[in-house]
1. Taking 0.36 nm per intervening residue step and subtracting the Cα-Cα distance, what contour gain separates ASP59 from ASP11 on full extension?
2. Which whole-number percent gives the relative contact order of the chain, counting Cα pairs below 8 Å spaced six or more residues apart?
3. Show me the trypsin sites (Lys or Arg not before Pro) within the chain that DSSP assigns to loop and that have at most 11 other Cβ atoms within 10 Å of their Cβ.
4. Rounded to the nearest 10 degrees, what's the angle between the helix 18-32 long axis and the longest principal axis of the chain, both from Cα atoms, 0 to 90?
5. How do SER50, SER19 stack up against each other in accessible area, from largest to smallest, with a 1.4 angstrom probe?
6. Give me the mean projected area, in nm² to one decimal, of the convex hull enclosing the Cα positions of the range 1-53.
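The values are calculated or read from the model by the stated rules, or taken from the named source; none is laboratory data. Model, not experiment: these values are computed from the prediction. Cβ atoms come from the backbone with ideal geometry, glycine included; neighbour counts cover every protein chain shown. Each accessible area value is taken on the protein alone, full model and side chains, heavy atoms only, with ligands, DNA and RNA left out. Shrake-Rupley method; radii C 1.70, N 1.55, O 1.52, S 1.80 Å.
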Amino acid sequence: MARLGHPLDGDPKVVSGESGAAGFAYVYEILSNPDLGKERTELGLDQNSSIVVLSTEGDTDPDNYHRIVDENNPF
């Protein structure tokens, strides 16, 4: 949720709740964790991959969203 709420330069901000961000969290971890190279290879993911992640919810709990995205923002 925090990474979606504070994207890299040039990427759009996405407001997503906990379950909506779960798919993104999986993809983000697979792509950014150097220890998961085997998993990336097994999934066929590389710099040429296109990945679609669907988030079906937004900010359904405003207090929790603010706590996760703004108050404890690691980005």
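1. 15.4 nm
2. For the chain, the relative contact order is 46 percent.
3. Sites meeting the loop and neighbour criteria: LYS13.
4. Approximately 40 degrees, to the nearest ten.
5. Greatest to least solvent exposure: SER50, SER19.
6. 4.1 nm²
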